[in-house]
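Comments concern the structure below.
The values are calculated or read from the model by the stated rules, or taken from the named source; none is laboratory data. Just so you know, these numbers come straight off a predicted model, no measurement behind them. Note that we place each Cβ from the backbone using ideal geometry, even for glycine, and neighbour counts take in every protein chain shown.
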Amino acid sequence: MSQRLASCSCGQLTAQVVGEPVRVSICHCLACQRRTGSVFGQQARFRREQVVLAGTSTEYVRIGDEGSQVRFHFCPHCGATVYYELGGLDEYLAIPVGAFADPGFPAPSVSVYEERMHSWVVPPADAEHIH
């Protein structure tokens, strides 16, 4: 069974996961673009029981485009987001794929808010495409 460690930039806040994610997705919404400072956010969803959290986080709550609440947990020292809680999906935690710093991480199987996708971005052809 695989084990992976997600961490903030300074290493104070971590999420140790055991097993594979239940979903890997990319989101092209404008809020994810602002949050990541990139052209999309990529996240892996894990069952809570797969994740062991360590360190102190600061929380930022945002209401999504469709009205759901998302609780982002980031390091109060370096500011990097390490995990977030999805409103209505309490049995899961989402972890930004970049927090794993693992180029071998599985590719996304879902691409959402593609109507806001930058024209040069090309999601995996076999991913589910949601506009």
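Exactly one residue out of Asp126, Asp90 is in contact with a helix residue (DSSP H, G or I) (Cβ under 9 Å, 6 or more places away or on another chain) and either under 15 Å from Ser25 (Cβ atoms) or not in a strand (DSSP E or B) (or both): that is Asp90. Looking across the range 8-26 at every residue that is in contact with a helix residue (DSSP H, G or I) (Cβ under 6 Å, 6 or more places away or on another chain) and not in a loop (DSSP other than H, G, I, E, B), the one that is farthest from Thr56 (Cα to Cα) is identified as Val18. Looking for something hydroxyl-bearing (Ser, Thr, Tyr) and outside any helix (DSSP H, G or I) - is there at least one such residue anywhere in the range 27-37? Taking every residue of the range 27-37 in turn, none turns out to be hydroxyl-bearing (Ser, Thr, Tyr) and outside any helix (DSSP H, G or I). Scanning the range 73-128 for residues that are acidic (Asp, Glu) and touching a His at 6+ places or on another chain (Cβ under 6 Å) yields Glu114, Glu115. Among the residues of the range 48-61, the one identified as under 18 Å from Tyr92 (Cα atoms), β-branched (Val, Ile, Thr) and free of Cβ contacts under 8 Å to residues at least 24 places away in the same chain is Val61.
Residue pairs whose Cβ atoms lie under 8 Å apart, separated by 6 or more positions or on different chains, with the first residue in the range 109-121 and closer than 23 Å to Val22 by Cβ and the second buried (at least 17 other Cβ atoms within 10 Å of the Cβ) and hydroxyl-bearing (Ser, Thr, Tyr), are Ser109/Ser25; Val110/Ser25; Ser111/Ser25; Val112/Ser25.
What is the residue count in the range 1-27 for residues that are more than 14 Å from the chain's Cα centre (by Cα) and small (Gly, Ala, Ser)? So the count comes out to 4.
Looking only at the range 47-78, which residues are closer than 16 Å to Gln33 by Cα and assigned to a loop (DSSP other than H, G, I, E, B)? Of everything in the range 47-78, those that are closer than 16 Å to Gln33 by Cα and assigned to a loop (DSSP other than H, G, I, E, B) turn out to be Gly64, Asp65. Of the residues Glu85, Glu91, Glu128, the single one that is surrounded by fewer than 17 Cβ atoms within 10 Å (Cβ to Cβ) and either farther than 25 Å from Thr14 by Cβ or within 13 Å of the chain's Cα centre (by Cα) (or both) is Glu128. Number of residues in the range 43-80 that are within 22 Å of Ser2 (Cα to Cα) and touching a helix residue (DSSP H, G or I) at 6+ places or on another chain (Cβ under 7 Å) equals 2. Restricting Val17, Val52, Val39, Val22 to those that are crowded, with 18+ Cβ neighbours inside 10 Å and modelled with pLDDT of 95 or more reduces the list to Val17.
Here is a list: Gly37, Gly64, Gly11. Which entry is among the small types (Gly, Ala, Ser) and in contact (Cβ under 8 Å) with a residue 12 or more places away in the chain? One residue alone meets the criteria, Gly64.
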